[in-house]
1. Test each condition in (1) at negative phi; (2) modelled with pLDDT of 95 or more for B:ARG277 and report the one that comes out false.
2. Taking only pairs six or more apart or across chains, which ones have beta-carbon atoms under 6 Å, a first residue in the stretch B:339-363 that is in contact (Cβ under 8 Å) with a residue 12 or more places away in the chain and surrounded by fewer than 19 Cβ atoms within 10 Å (Cβ to Cβ), and a second residue that is among the charged types (D, E, K, R) and part of a strand (DSSP E or B)?
3. For the stretch B:220-252, what are the residues that are within 21 Å of the chain's Cα centre (by Cα), among the hydrophobic types (A, V, I, L, M, F, W, C), over 21 Å from B:GLY291 (Cα atoms) and part of a strand (DSSP E or B)?
4. State the number of residues belonging to the stretch B:307-332 that are assigned to a loop (DSSP other than H, G, I, E, B), open to solvent by less than 60 Å² (accessible area, probe 1.4 Å) and not hydrophobic (A, V, I, L, M, F, W, C).
5. Take A:GLY148 and decide whether it is farther than 30 Å from B:VAL165 by Cα and among the small types (Gly, Ala, Ser).
6. Any idea which of B:THR209, B:THR255 is farther than 21 Å from B:ALA163 by Cβ, touching an Asp or Glu at 6+ places or on another chain (Cβ under 9 Å), in a strand (DSSP E or B) and within 14 Å of chain A (Cβ to nearest Cβ)?
7. Return only the number of the condition from (1) away from chain A (no Cβ under 14 Å); (2) modelled with pLDDT of 95 or more; (3) in contact with a Pro (Cβ under 9 Å, 6 or more places away or on another chain) that B:VAL311 does not satisfy.
8. Could you check the stretch A:81-120 and list, in sequence order, the residues that are assigned to a loop (DSSP other than H, G, I, E, B) and at pLDDT below 95?
Amino acid sequence: MKEGHPMRRSRLGTALALCVLLMSVLVWAGCSKKSAKGVETEPTPAAPDTTTPPPPPPPPPPQATEDATAWQDAIQDVFFDYDKYDIRSDAREVLQKDASGLKAHSGGTLVLEGHCDERGTPEYNLALGQRRADAVVAYLKDLGVETGSVQTVSYGEERPFAQGHDESSWAQNRRVHFRFQ
Amino acid sequence: MAFTVLTSILCVGAFQVNAQTPPQSNEKQLTIQKGGAQIIPLVVEDFTVGPGATQKDAESVYRVLAQDLDFSNYFIITRVPQLVAGDPVAVTGKAVVRGSVEMAGGQLVLKGALESLPGRTRILSRDYATKPEWYRETAHRFADDIVIALIDRDAGIARTKIAYVSTKTGNKELYVVDYDGFGVRQVTHNRSINMSPAWSPNCRQLVYTSFKKGDPDIYVVDLASGVERLVAGGPGVQGAPNFSPDGKSILFSNTRGRESELFMVPAAGGTPRRVTREGGINTSPSWSPDGHRIVFTSDRSGTPQLYVADVDGGISRRLTFGGTWNDLASWSPTGDLVAYSARQSDGFRVAVVDPSGLDGERLVTTGPGSEEHPSWAPNGRHVAFSSGSGGRSGIYVLHIDSGQRRELISGGGTYQGAAWSGVPAR
């Protein structure tokens with residue numbers, strides 16, 4: 001499917017550039033997340049990737065009292081099972097905390113990015129990533145979050161967070177990523 | 001008498017001479033029926049050098065023609081300088097190809113001829129004139145005419161092209177290449193993510209998915225002018241587009257909110273209308289050659305599987321049952337098979353299934369690497385697909401009957417999304 005490392009490097013380069021840019025105003029949520037609870041296949045999201053250039057520098061520690069967007073650091077990404085777009089039980093707990101943070105603050109546009117691991121086909125994964133993002137929007141709405149201005153985008157398998165070809169990487173890449181812009 | 005057999009005989013089968021053809025008619029006398037393994041012994045004489053041309057001119061055209069005949073997978077080719085009486089192949093061969101190349105009025109002219117054996121009755125005689133630098137096109141035209149003359153219901157594939165996605169520049173851009181790997185041309189240059197190319201039936205346009213405005217929308221690009229236009233946009237995913245066989249409509253997948261359904265939009269632009277109401281994820285449609293039915297991927301059973309439905313609505317029927325992920329169907333232009341990507345333990349393989357459901361699912365590639373996105377040649381006998389075999393990602397061409405495969409293009413990045421064009425107008 002996509003074993004070519006040149007593409008991976010370049011894609012990662014794009015992703016890294018994006019991350020660095022975003023961290024100038026906010027913390028890249030994917031770098032600061034704690035591992036979701038209760039799932040044995042869930043890796044530590046910050047697990048090092050030995051096959052790729054070094055990851056972006058670790059995010060600064062939260063300084064909630066000094067930064068108007070610091071609360072966004074506490075918003076965590078959620079993860080999905082292979083070829084699934086229903087919200088896992090561990091993701092429900094994460095989203096309940098996320099919903100509390102989102103309801104208590106305002107400002108900035110929230111973009112939910114749907115991502116998939118590389119094992120499907122690019123076309124199917126585009127749809128799957130969108131279903132994941134939309135499932136998170138629906139869940140947040142059910143929790144009382146004002147979702148009218150929330151945007152979604154599916155990257156399918158095109159912009160993986162982890163570049164490896166094993167379950168630990170795949171599990172990191174089956175996610176909905178919270179991005180504030 | 002020295003000769004070279006160009007084609008390796010991977011499948012040896014009896015060729016079926018069309019017995020219904022009246023013997024007094026030389027036209028189509030050698031026509032064979034499609035399907036199964038067929039090898040026609042064909043004699044190809046060296047081309048002669050005509051006025052104004054050089055030996056190199058003649059050899060250049062000849063080499064392309066010989067490769068075209070080889071790539072057709074119809075022939076066992078015997079090359080002779082000139083066929084003389086008494087040569088065994090004058091009896092065992094079914095036809096002889098002759099040609100001369102000359103320059104006239106600034107144009108390269110190939111005078112091509114095809115004669116039946118052993119009687120040497122004229123089957124085809126035609127002059128092909130092009131600019132000298134288009135000598136490949138000249139040879140391709142003659143090769144297609146030979147296939148048209150000898151093979152029932154096959155217009156040849158020597159002038160077809162294949163579109164694909166490559167990361168050669170660092171971004172996923174669309175490319176087009178001749179069916180024999182020559183003439184690579186980059187189509188998109190937007191440094192975004194471009195994917196899922198599919199051809200318009202007249203071979204002048206590609207429809208594809210692009211992230212160039214931030215999220216996946218569907219565009220049509222005119223290959224001659226480079227002009228692009230948005231066909232389906234808006235929030236969510238517009239993906240996996242495909243032209244209808246008449247070129248008037250584009251079918252695509254729209255995923256948004258709780259819906260992921262197939263929609264149809266006029267190719268000239270307009271309001272999309274919904275085609276499926278299935279629930280779950282529905283994507284990657286391919287049309288039957290008559291334009292009445294579609295095969296597509298749906299996860300309603302719990303895993304991605306292929307389904308067949310009338311394009312005007314109605315109940316869809318599940319087509320694949322083996323494995324946990326069957327996807328990216330391509331309905332053969334001849335109607336008899338659907339090729340698709342079937343997930344195995346170590347990646348996808350190309351598989352085929354009878355769209356009637358009467359014949360089971362059958363893998364036609366064996367790896368290594370993940371082999372995806374098959375797309376039929378207009379003859380319904382070859383498929384192009386992408387492979388990431390052992391780190392050497394590329395686009396490959398498979399002859400379904402024999403299993404013979406050749407590399408079309410590889411190296412310099414990863415490849416995916418192969419799409420074979422129809423037969424362009426002359």
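1. Going through the list (1) at negative phi; (2) modelled with pLDDT of 95 or more, B:ARG277 breaks only (2).
2. The qualifying pairs are B:LEU363/B:ARG349.
3. Once the filter is applied, which keeps residues that are within 21 Å of the chain's Cα centre (by Cα), among the hydrophobic types (A, V, I, L, M, F, W, C), over 21 Å from B:GLY291 (Cα atoms) and part of a strand (DSSP E or B), the stretch B:220-252 yields only B:VAL221.
4. Of the residues in that region, 6 qualify.
5. yes
6. B:THR255
7. Going through the list (1) away from chain A (no Cβ under 14 Å); (2) modelled with pLDDT of 95 or more; (3) in contact with a Pro (Cβ under 9 Å, 6 or more places away or on another chain), B:VAL311 breaks only (2).
8. Correct list: A:HIS105, A:SER106, A:GLY107, A:GLY108, A:THR109, A:GLU118, A:ARG119, A:GLY120.
The values are calculated or read from the model by the stated rules, or taken from the named source; none is laboratory data. Just so it is clear, the structure is predicted and the values come from calculations on it, not from any experiment. Don't worry about glycine lacking a Cβ; one is built from the backbone with ideal geometry, like all the others, and counts go over all protein chains shown. We work out accessible area using only protein heavy atoms, side chains counted, and drop any ligands, DNA or RNA first. Shrake-Rupley method; radii C 1.70, N 1.55, O 1.52, S 1.80 Å.
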